[in-house]
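Enquirer: Supplied in structure tokens, the structure appears directly below.
The values are calculated or read from the model by the stated rules, or taken from the named source; none is laboratory data. Note that this is a predicted model, so its numbers are computed, not measured. A quick note on method: Cβ atoms are made from the backbone with ideal geometry, for glycine too, and the neighbour counts reach across all protein chains shown.
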Amino acid sequence: MILTSSVNQLIPPSISKPAEPVVFVVDDDVSVRESLSSLLRHEGFRCEAFGSAQEFLSRPPAKVPSCLLLDIVLPGISGLELQRSFLNQRSIMPIIFITGHGDVPRAVQALKGGAVEFLVKPLNDEKLLTAVRHALRRSQNALVNKVEIDRLRECHASLTPREQQVMAMVVLGKQNKEVAYDLQISEITVKAHRGRVMQKMQANSFADLVKMANKLQIAPRSVVMA
């Protein structure tokens, strides 16, 4: 199945099953749900369909590449309201809006909210499938990045406060003697801290450490006298 190999290399087996990507469909029209599910499964996609946003939200978040085919007009929580609730909860799941009420203001609002596509019913199969493939690639990239960031955060959390200070300073290009002066410790101690930072962060080179710091958006911590 598509889009699985690189994700499986990074995600522990305990959270990567089922490994194949999944396409979620949320539409209150049963005929639309059935036709979309049939099309997607025929194309080899794993698909789960729901009749309302509430039903969909009762499902645990997916931990594999995924996307959401979402109707704008739904009973209860609307598609746009569901999209807004996703901003901090399911950022790895791109949304493709589908609607029979495709007015420009709604389309603009949906796209500004981060939707990858806005399709009007009756849907064109090829356009839909192209949008799904694009959304799943985007989801895979976001998921891989999240796994990497989570790993880096765990490594960074394993550093002592002093090691975190040293890391923040050295990635800015400060020499060991400058770090020693700022922290009022010996240069030998800085070198020891720096070595432990490299080991705990699993960095193969200083360039790797700088890249890690950029991903973590690390800023220098306040200098605390030892």
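Enquirer: Which of the residues that make up region 169-198 are in contact (Cβ under 8 Å) with a residue 24 or more places away in the chain and among the charged types (D, E, K, R)? Please lay out each step first, then the result.
Expert: The first filter runs over region 169-198 and keeps only residues in contact (Cβ under 8 Å) with a residue 24 or more places away in the chain, leaving 169-172, 182-185, 190, 193-194, 196-197.
Once the filter is applied, which keeps residues that are in contact (Cβ under 8 Å) with a residue 24 or more places away in the chain and among the charged types (D, E, K, R), region 169-198 yields ASP182, ARG194, ARG196.
Enquirer: If I filter region 109-128 for residues that are hydrophobic (A, V, I, L, M, F, W, C) and at pLDDT 95 or above, do I get at least one hit? Spell out the reasoning first.
Expert: Restricting attention to region 109-128, the residues satisfying the condition of being hydrophobic (A, V, I, L, M, F, W, C) are 110-111, 115-116, 118-120, 123, 128.
Retained after the next criterion (residues that are at pLDDT 95 or above): 128.
Scanning region 109-128 turns up at least one residue that is hydrophobic (A, V, I, L, M, F, W, C) and at pLDDT 95 or above.
Enquirer: Is it true that VAL210 is over 24 Å from the mean Cα position of the chain (by Cα), part of a helix (DSSP H, G or I) and either closer than 30 Å to SER31 by Cβ or in contact (Cβ under 8 Å) with a residue 24 or more places away in the chain (or both)? Talk me through it step by step, then tell me what you get.
Expert: Details: over 24 Å from the mean Cα position of the chain (by Cα): no; part of a helix (DSSP H, G or I): yes; either closer than 30 Å to SER31 by Cβ or in contact (Cβ under 8 Å) with a residue 24 or more places away in the chain (or both): yes.
No.
Enquirer: Condition check: surrounded by 15 or more Cβ atoms within 10 Å (Cβ to Cβ), modelled with pLDDT of 90 or more, within 24 Å of ARG137 (Cβ to Cβ) and assigned by TED's automatic domain parsing to the domain that holds LYS146. Does VAL26 satisfy that? Don't jump to the end; show me each part of the working.
Expert: Details: surrounded by 15 or more Cβ atoms within 10 Å (Cβ to Cβ): yes; modelled with pLDDT of 90 or more: yes; within 24 Å of ARG137 (Cβ to Cβ): yes; assigned by TED's automatic domain parsing to the domain that holds LYS146: yes.
For VAL26, the condition - surrounded by 15 or more Cβ atoms within 10 Å (Cβ to Cβ), modelled with pLDDT of 90 or more, within 24 Å of ARG137 (Cβ to Cβ) and assigned by TED's automatic domain parsing to the domain that holds LYS146 - is met.
Enquirer: Give me the pairs: first residue in region 112-123 and assigned to a loop (DSSP other than H, G, I, E, B), second residue among the charged types (D, E, K, R), beta-carbon distance under 7 Å, and six or more apart or on different chains, which are they?
Expert: Matching pairs, first to second residue: GLY113/ARG84; VAL116/ARG138.
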